[in-house]
Amino acid sequence: MENNQSDRYRADRQEMVKHQIAGRGLKDERLLAAFEAVPRHLFVPEEYRHQAYADSPLPIGYGQTISQPYIVAFMTHLLDLKGHERVLEVGTGSGYQAAILAHLAAEVHTVEIIPELYEQARRVLAELGYQNVHCHLADGSLGWPEVAPYDSILVTAAAPAAPQTLLNQLAEGGRLVIPVGGRAYQELEVWQRVKGKFKQRTSLGVAFVPLRGKHGWRVW
Ligand code: SAM
């Protein structure tokens with residue numbers, strides 16, 4: 001997976017992990033190793049490549065963004081992955097979050113609604129050799145029922161509420177992490193299915209682009 005291009009950014013990537021992720025309290029070794037392994041610069045458009053390891057989100061075209069590294073790390077941390085899980089991501093975007101998940105879980109299904117982003121992410125993930133990531137072009141607000149249930153579901157766009165359709169695709173003990181709120185501000189909600197019932201708690205404040213589709217925003 002490494003090439004000269006990736007090597008050029010290795011020091012930047014290590015700095016990112018040290019200061020932006022571990023430095024803010026996320027110290028799990030598997031998590032940190034995943035962020036050291038994934039060449040984030042290959043998931044951003046060429047004109048932003050030099051900023052790929054900066055402490056901020058970046059545009060990826062079509063009005064969408066790749067999230068700030070710390071937010072990707074924090075949401076991944078909330079899933080508490082051990083390695084055996086089947087994970088669903090809603091909002092493939094660049095494919096970066098899916099690549100991180102691929103290092104930490106057994107199987108990743110990621111759904112994108114914009115055809116160009118789906119194609120681009122699928123190509124980069126394939127070029128990097130991620131065989132446990134499966135990309136789908138669809139309305140992810142409906143989940144991906146074909147291979148449900150999932151141990152973890154991660155939504156990377158802001159929803160008006162946690163869709164029941166997604167909660168229903170959680171396995172027993174499974175978790176859903178989703179930003180819920182309005183245009184300027186949302187909160188990460190963490191849902192868990194325990195003995196057939198759903199428990200919910202609220203975590204960090206965030207700012208995501210809107211979730212579209214049947215259970216997303218019609219008017220933002
Ligand atoms: N996880 C991405 C990454 O690592 O680059 C960033 C995701 S970006 C903040 C949000 C993405 O959600 C956009 O690519 C957008 O097109 C997608 N999206 C919005 N509504 C969606 C839906 N209903 N189904 C699937 N994808 C959706």
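All of the numbers you see were taken from the coordinates with simple rules; none came from a lab. Being a predicted model, the structure only gives us computed values, none of them experimental. Virtual Cβ from ideal backbone geometry, glycine too; neighbours counted across all protein chains shown.
Which far-off residues, 5 or more places away or on another chain, put their amide H under 5 Å from the one on TRP217, with H placed in the peptide plane?
LEU211, ARG212
Set the Förster distance to 35 Å, then compute FRET efficiency between ALA126 and GLU47 from the Cβ-Cβ distance, nearest 0.05.
With R0 = 35 Å, the Cβ-Cβ based efficiency is 0.95.
When the Karplus curve 6.51 cos²θ - 1.76 cosθ + 1.60 is applied with θ = phi - 60°, which whole-Hz ³J(HN,Hα) does each residue of segment 188-197 get, with x for Gly and Pro?
6, 9, 10, 10, 9, 8, 10, 6, x, 9
Could you calculate the contour length gain from ASP55 to GLU116, that is, 0.36 nm times the residue separation minus the distance between their Cα atoms, to one decimal place in nm?
Extra length from ASP55 to GLU116 when fully extended: 19.4 nm.
Please report the spacing between the Cα centers of segment 113-141 and segment 151-220 in Å, no decimals.
Here the two parts' Cα centres lie 21 Å apart.
With both bridge residues required to lie in the chain, what share of the DSSP beta bridges run antiparallel, to the nearest 5%?
45 percent
So who's got an amide H within less than 5 Å of the one on GLY174, skipping anything under 5 residues away but keeping other chains? H placed 1.01 Å off N, in plane.
ARG193
Using θ = phi - 60° and the Karplus curve 6.51 cos²θ - 1.76 cosθ + 1.60, what whole-Hz ³J(HN,Hα) does each residue of segment 201-211 get, with Gly and Pro shown as x?
So the Karplus estimates, Gly and Pro as x, are 9, 10, 10, 4, x, 9, 9, 10, 5, x, 6 Hz.
Compute the separation of the alpha-carbon centres of segment 85-100 and segment 4-44 and state it in Å as a whole number.
Going from one Cα centre to the other spans 17 Å.
Compute the orientation-averaged projected area for segment 2-206 from the convex hull of its Cα atoms and round it to one decimal in nm².
For segment 2-206, averaging the hull's shadow over all directions gives 10.6 nm².
Given segment 153-220, what percent of its DSSP beta bridges are antiparallel, to the nearest 5?
80 percent
Give the peptides 190-197, 65-72 in descending order of average Cβ contacts within 10 Å, highest first.
So the order, starting with the most tightly packed, is 65-72, 190-197.
Counting each DSSP H run of 4 or more residues in the chain as -39500 (n - 2.57), what helix-only mean residue ellipticity at 222 nm follows after dividing by all residues, to the nearest 500 deg cm²/dmol?
-7000 deg cm²/dmol
Can you run phi through the Karplus equation (6.51, -1.76, 1.60; θ = phi - 60°) for segment 59-66 and list ³J(HN,Hα) in whole Hz, with x for Gly and Pro?
Residue by residue, segment 59-66 yields x, 10, x, 6, x, 10, 9, 8 Hz.
Shape verdict for segment 11-121, please, from the Cα gyration tensor: rounded (a/c under 1.5), prolate (a/b greater than b/c) or oblate.
It comes out oblate by the Cα gyration axes.
Rounded, prolate or oblate: which fits segment 109-151 when a ≥ b ≥ c are the square roots of the eigenvalues of the alpha-carbon gyration tensor, with rounded for a/c under 1.5 and prolate only if a/b beats b/c?
Cα axes put segment 109-151 in the oblate bin.
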